[in-house]
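Have a look at the structure below, then the notes.
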Amino acid sequence: MEISSKYLPKDIENKWYQKWLDNHLFKSTPDQREPYTIVIPPPNVTGVLHMGHMLNNTIQDVLIRRARMLGKNACWVPGTDHASIATEAKVVNMLKEKGIEKKNLSRAEFLAYAMDWKEKYGGIILEQLKKLGCSCDWSRTRFTMEPSLSSAVINVFVEMYNKGLIYRGSRMVNWDPAGKTALSDEEVIFKEVDSQLYYVKYCVPESEEFIVVATTRPETILGDTAVCVNPNDERYKKFEGKNVIVPIVNRIVPVIFDEYVDIDYGTGALKVTPAHDINDYNLGLKHKLEIIDCFNEDGTMSNAAGFYIGQDRFIVRKQISIDLKNKELLVKTENIRNKVGFSERTNAIIEPRISKQWFVEMKKFLTNNPEVLQSVLNDEIKFYPSNFKNTYRHWLENIKDWCISRQLWWGHQIPAWYDEKGNTIVAKSYNEAIEIYKSQFGVDKNIILTQDDDVLDTWFSSWLWPISVFDGFENSNNEDIKYYYPTNDLVTAPEIIFFWVARMIMAGYEFRGEKPFRNVYFTGIVRDKLRRKMSKSLGNSPEPIDLIEKFGADGVRMGMLLCSPAGNDILFDESQVEQGRNFCNKIWNAYRLIKSWKVSESSDLYIIKNTEIATKWIENRINKSITEINDCFEKYKLSEALMITYKLIWDDFCSLYLEMIKPEYGEPIYKKNIEKCILVFEKLLKLLHPFMPFITEEIRSNLISDDEKFINNTSWPKLSETEKINLDKPIELIGFIRNKRNENGISPKIKACVTVNADDETNYKLSEGLIKKLGNVSNINFGLIKTAISGLVEKDQIFVEFEGWQPPQNDKDAILKEINYLKGFLQSVELKLSNEKFITNAKPELVMREKQKRDDAISKIESLSKQL
């Protein structure tokens, strides 16, 4: 078989992935082996592969492939999340392109369109993960809205409601005007933006007096129902018992006093808009203020606002500032930077809004399950890196109730029914709701119940994922859940530690009485070279599939992993995946070299001895690396494990070992020598396989053609019993000789004569044949001589002579000339530094600069003298 001169990944990757699938390599069923389980963080059904997915899933695949090689029953469960907000937005846009408005459809009609869209586009990201080499058990693929998982969500809601952990009430919520839905606190991203601070007069009726209030949101003036000042603020004591007029609407409202107001912030006076700010809302409750909601659900002004009705809030912000100015009520504006909340999904600016929603009572939930916090603090669940424990603890200790209702149609419809009077029944089905209603209210006929229109927060299904993927709610004692749960490792991004990680831990203890996983590996955020988060809007995020097409999946995997220590951000540069591709070519060339050798049944004893020494040395190097790699995996330092493997293959195996055993040009290699070489190569391929599965499978299948096992079904390398040999000094000596050839332009064909002056000559004598071969050395002597080229290997003195070579005379002359110049320069600098006036009057930085010049000159003279 003719071997390609370069590694061509595309055909090889497609070939092997299909073979793995055809042979059910990734399939897992419970058996007697130790289980090793990962559940994939389910990507949105709307999603396509991005750089974060690629990093996250590469790490999971590394862990799962190594677990298989350790003899564990490895199960990686894939799946997708229905992603309520994102998917509904996609479907609404798709319908608009067809000239269809959501409001003109029934719920059932809309859901039919949504399900069709999901079937057409929902599996794209899973197919892309296959291109990356992900070894999921695809027969176990789950979807958060499939029947059994949906049933689990509904049952959990009903159970929690009956336990008093879920309630419905009017609260101030985060409202997304673009998605027209409430959001939880965790779904709001705060960004620092440029804003304006508007200073507005609130005049006392029939008086020249007024209070100036500063606000960044003048459009909410239309909902003001009080002005609040601190009772300890002397400036405003004269306003006690007085009212002021709200600008534009001319509403007369009271001046109230409350220590909540910071005397030193702004003007020390606060406009109170109970409907549109959580702090104002609390003040409104305390002082029994009127609540005026001046916004519609889409962020336009409502009828209750009285002015600018139907106009967008930001258009009104501009217009109201003009109107205030015209009425001489706008004192001034200031440019400021402040933090504003944005929807994590739609990127719309959040509007605080009072709305009737469903909530999980989180403090009560945690009181019932103290293990949620303790399991992480005591390392029963380990975080990597561990500093995320503090973040986790802070969130739990300051937790707020979780708003779980969303004003959408795509998702799990809330299992609550209402009668005409607003009485609420929570049940798993309509029929069950009817039966409960009959029992509760003693009514037996003419019952009409209407189900709640809202759906549950997507995370309310995702938090059940480690249990529901094994049907642990449908049958809490089935074989899968007993065998695979709790899972082993969760790989996820730190930004969803609250959304998902914490809530899964809560669900694990609440519904199964145990942790959902043992370890959590937090990846970093993938950023560009300028440290900007990658995004399509910035145009700084490459398409992962394009990278795979260009550099191969193995090259991309390696490039991502080399720069991704746990928890730290990844500064991505395409040169990193290019390095991965180059590494593939290096391994491929090593494979081509080995396959090119002719084999002989006999060999020279001298060559056999050298090869034995070389093989013992590489086995020692592999043993050391295996120990280090295993330790890295134990500590989840995967990038370090890969770097150790990379150096072992590139430096030790390719650059040294193959050169040590390579036969002379045109000569054959001894059969036993190449057999040992192939065994060494196979061990290296096994170490590399979890990181780079395709090239390792391809090369091993051709090297070990009589073994029908896939490499992922072979055993993870163990330490071999071999004689201890340390060739560090001889290898450093070879490097020294090669460097001196390069520095002096000496041909590799010119023989070198080496003299070593060392207390212990053992290793040099043991590896004399290898030194001669790799350094092109004719003789190795021991003692002390003077030569043109000398140096140190640790404390050992090295003297090298190249046959027929002398340092060129003109080089000597140039060095002498440079030394004489530097001595003159040094003399002038020292003269200046000996001048007391200069030292006293010159700026300190100028004196330091002269001292640096002196030190540099001395250093250069010493270096040139050694060269001479």
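Per-structure values
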item: Stokes-Einstein D for segment 50-144, Kirkwood Rh over Cα pairs, 4 °C, 1.567 mPa s (µm²/s); result: 83 µm²/s
item: For segment 654-741, radius of gyration divided by Kirkwood radius, i.e. Rg to Rh on alpha-carbons; result: 1.03
item: Share of Cα-Cα pairs in segment 548-675 lying beyond 19 Å, as whole percent; result: 59 percent
item: Reciprocal mean inverse distance between Cα atoms of the chain - Kirkwood radius, Å; result: 33.5 Å
item: Rounded percent of accessible protein surface that carbon and sulfur make up, segment 693-754, 1.4 Å probe; result: 44 percent
item: Sulfur and carbon atoms: percent of accessible area, segment 762-801 [1.4 Å]; result: 48 percent
item: Whole-number percent relative contact order across the chain, with pairs defined as alpha carbons under 8 Å at least 6 apart; result: 12 percent
item: Table column - 3J(HN,Hα) (Hz), segment 105-110, Karplus curve with 6.51, -1.76, 1.60, x for Gly and Pro; result: 10, 6, 4, 4, 5, 4
item: Whole-number percent relative contact order across segment 607-701, with pairs defined as alpha carbons under 8 Å at least 6 apart; result: 33 percent
item: Mean Cβ neighbour count within 10 Å, used as a protection proxy, ranking 702-709, 815-822 highest first; result: 815-822, 702-709
item: Segment V212-N781, length gained on full extension (0.36 nm per residue, minus Cα span); result: 195.5 nm
item: Ranked packing of 612-620, 124-132, most packed first, by mean Cβ within 10 Å; result: 612-620, 124-132
item: Tilt relative to the chain, helix 728-744 - C-alpha long axis, 0 to 90 degrees, to 10; result: 80 degrees
item: Estimated FRET transfer efficiency (E549, D760; beta-carbon r; R0 60 Å; 0.05); result: 0.65
item: Heavy-atom surface of the chain, accessible at 1.4 Å and reported per residue (Å²); result: 48 Å²
item: Between helix 553-562 and the chain: long-axis angle, C-alpha atoms, 0 to 90°, nearest 10; result: 80 degrees
item: Relative contact order [Cα under 8 Å, 6+ residues apart], segment 463-621, whole percent; result: 17 percent
item: Peptide ranges 486-496, 454-464, 60-70 listed from the most packed, as the mean C-beta count within 10 angstrom indicates; result: 454-464, 60-70, 486-496
item: Rounded accessible area of T367 (nearest 10 Å², 1.4 Å probe); result: 110 Å²
item: Enclosed volume per residue, in Å³, of the convex hull spanned by Cα atoms of segment 514-554; result: 145 Å³
item: Student exercise, the chain dipole from Lys, Arg, Asp, Glu Cβ charges, in Debye to nearest 20; result: 1660 debye
item: Accessible area in the full protein assembly, largest first, 1.4 Å probe, for T181, T840, T450; result: T840, T450, T181
item: The chain: antiparallel DSSP beta bridges as a percent of all, rounded to 5; result: 70 percent
item: Inter-label distance, nm, simple model (7 Å from Cα along the C-beta direction), D813/S834; result: 3.3 nm
item: Among beta bridges that DSSP assigns inside segment 742-868, antiparallel share in %, nearest 5; result: 70 percent
item: Sites matching GluC sites (Glu not before Pro) across segment 253-329 that sit in DSSP coil, with at most 14 neighbouring C-beta atoms within 10 Å; result: E259, E290, E328
item: Computed FRET value (nearest 0.05) for N478 with E34, which takes r as the C-beta separation and R₀ as 25 Å; result: 0.80
item: Rounded to 10°, Cα long-axis angle of helix 278-287 versus longest principal axis of the chain; result: 30 degrees
item: Residue-averaged [θ]222 nm for the chain, counting only DSSP H segments that reach four residues, each worth -39500 (n - 2.57); result: -13500 deg cm²/dmol
item: Computed over segment 698-769, Cα set: Rg, Dmax in Å; result: 19.9, 53
item: Two-site label geometry, K749 and R235: point separation in nm, points 7 Å out along Cα→Cβ; result: 9.1 nm
item: Percentage, to the nearest whole number, of Cα pairs in segment 630-785 over 19 Å apart; result: 65 percent
item: Segment 286-335, accessible surface, carbon-and-sulfur percent (1.4 angstrom probe); result: 47 percent
item: Euclidean distance between Cα centres, segment 269-323 to segment 130-191, Å; result: 30 Å
item: Qualifying trypsin sites (Lys or Arg not before Pro) for segment 279-345 [loop in DSSP, other Cβ within 10 Å: at most 12]; result: K288, K327
item: For A226, distant residues with modelled amide H under 5 Å away; result: V272
item: Formal net charge of residues neighbouring I322 (Cβ-Cβ distance under 14 Å; K, R +1; D, E -1); result: +1
item: Filtered trypsin sites (Lys or Arg not before Pro), segment 486-536: DSSP coil and at most 12 other beta carbons within 10 Å; result: K529, R531, R532, K536
item: Net charge, A304 excluded, C-beta distance under 11 Å - Lys, Arg +1, Asp, Glu -1; result: -2
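The values are calculated or read from the model by the stated rules, or taken from the named source; none is laboratory data. Quick caveat: nothing in here was measured; it's all calculated off a predicted structure. A quick note on method: Cβ atoms are made from the backbone with ideal geometry, for glycine too, and the neighbour counts reach across all protein chains shown. Keep in mind that these areas ignore ligands, DNA and RNA; they rest on the heavy atoms of the full protein, side chains included. Shrake-Rupley method; radii C 1.70, N 1.55, O 1.52, S 1.80 Å.
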